[in-house]
Amino acid sequence: MNIQPEAILEKNLIQQLTGLYYSYASIHDEDGLLSNLKAQLEAFNQTAFSDKEFGAILNHLSKGNIFAKARTLRDRFQMDRDNGDSFYVRFFNSEEWSSNLFQVTNQVTVEGVYKNRYDVTVLINGLPLVQIELKRRGLELKEAFNQINRYQRHSFWTNSGLFQYVQIFVISNGINTKYYANNRNQSFQQTFYWADVHNRNITGLTDFADAFLNPDHLGKMIAHYIVHNETHKILMVLRPYQYYATEAIIEQVRNSRKNGYIWHTTGSGKTLTSFKASQIAMDLPEVHKVVFVVDRKDLDYQTMNEFNCFKKDSVDATDNTRSLVKQFGDDTKLIVTTIQKLNNAIHKKRYKSD
């Protein structure tokens, strides 16, 4: 087996990412990270921040745990400027994700319980949103996974805590490469291979970087394909077949009046795929309502609970046919109902006047 040193993997990856229009940032420590963050947020928001204003931004960014910070990333921060004006600071553009500013850096050293030096960090608008841990060819992939777990215990939370903004971890030994969402308690079983549209795994680091880490795709994954599980307070990143299924559904909604179907096996995350497709479809200007139809009452309740787990209050119960008819007439965007209630609403005379 060809044993390729970790340093060569790192060098080649950085060279590849700069070829994908990342800018390289020379950052060595916390001070460099903060200095770069200020410059990138100023460029992204097209304004300059005073030291006092940037201090207010850092104070805002420091609040909350990993789950809360994922919300902060996607929200705007209303800040009082030195001149008394109000200004909304943006940290990430979820609508036009390619307009975000992509950088790559390596060997950032952070001191916590121990001094840790991270391999490759992807910065978006100055925030570390993807952390890549590499091991030389021939080593088990789980060693990279365990290394990230140590970083989480020892140093990600220290100083400004900016590394708690990481959304996606990537682990690779050059031959095998996997990704997973950032959470406090990690399981190696929740690491995934990326795949192409034909469900062929993309395992090599070079191919993975081309497919997954190119700015357009990575920006879209962070913007649309990370789900905030409100019940368990965890982040969930979609697997490749869920991503392609959702993309196909949205393409069909946008460009065709024909029907279609997606086939998933038991336990493959059909409800999550359905939720994400519904959520994206709701945001399309040409879509007035999204109706999710199930064939049993227990699935109606189960689906409603799971949708609300993925996003709080995203759907109300249709307890009976009359409440379903009412939802069709009001501003409810997402409806979950049974085929029986939908059939009654369409065909029974007493509901036609509602």
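Nothing in this text is a laboratory measurement; each read-out follows from the coordinates by a stated rule. Source: prediction; values computed, not measured. Neighbour counts are summed over all protein chains in view; Cβ atoms, including those assigned to glycine, are modelled from backbone coordinates with ideal geometry.
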Using only the alpha-carbon atoms of the chain, report the extent along each of the three principal axes, biggest first, to the nearest angstrom.
72, 62, 37
At R0 = 51 Å the Cβ-Cβ FRET efficiency linking Glu10 and Trp263, nearest 0.05, sits at 0.80
Helix 215-224 versus the longest principal axis of the chain: what angle, 0 to 90°, nearest 10, using Cα atoms?
50 degrees
So how tilted is helix 141-154 from the main axis of the chain? Cα-based, degrees 0 to 90, rounded to 10.
80 degrees
Tell me the label-point distance for the pair His288, Gln190, using the 7 Å Cα-to-Cβ offset, in nm and rounded to one decimal.
4.0 nm
Rounded to the nearest 500, what is the chain's calculated 222 nm mean residue ellipticity when only DSSP H runs of at least 4 contribute -39500 (n - 2.57) each, over all residues?
-12500 deg cm²/dmol
Given charges at Cβ of Lys, Arg, Asp, Glu: the chain dipole, positive-most of Leu127, Ala68, Tyr151:
Ala68
Quote to one decimal, in nm, the extra length available between Ser323 and Gln46 on full extension: 0.36 nm per residue of separation minus the C-alpha distance between them.
95.0 nm
How far apart, in nanometres, would the label points at Met79 and His347 be if each is projected 7 angstrom from Cα along the Cα-to-Cβ direction?
6.0 nm
Tell me, in nm to one decimal, what length is gained between Glu111 and Asn199 on full extension, where the rule is 0.36 nm per residue of separation less the Cα-Cα distance?
27.6 nm
If the limit is 24 Å between Cα atoms, which of Lys38/Lys178; Lys135/Lys220; Lys270/Lys333; Lys178/Lys276; Lys270/Lys341; Lys11/Lys233 go over it?
Lys38/Lys178; Lys135/Lys220; Lys11/Lys233
Relative to the first principal axis of the alpha-carbon coordinates of the chain, what is the inclination of helix 51-61, with its axis defined by its Cα atoms, in degrees from 0 to 90 and to the nearest 10?
50 degrees
Please identify, among Gln40, Gln340, Gln16, the residue showing maximal mean-square fluctuation in a Gaussian network model of the chain using a 10 angstrom Cα cutoff.
Gln340
Scan of the chain for trypsin sites (Lys or Arg not before Pro) in DSSP loops with at most 14 other beta-carbon atoms within 10 Å gives a longest site-free stretch of 82-183
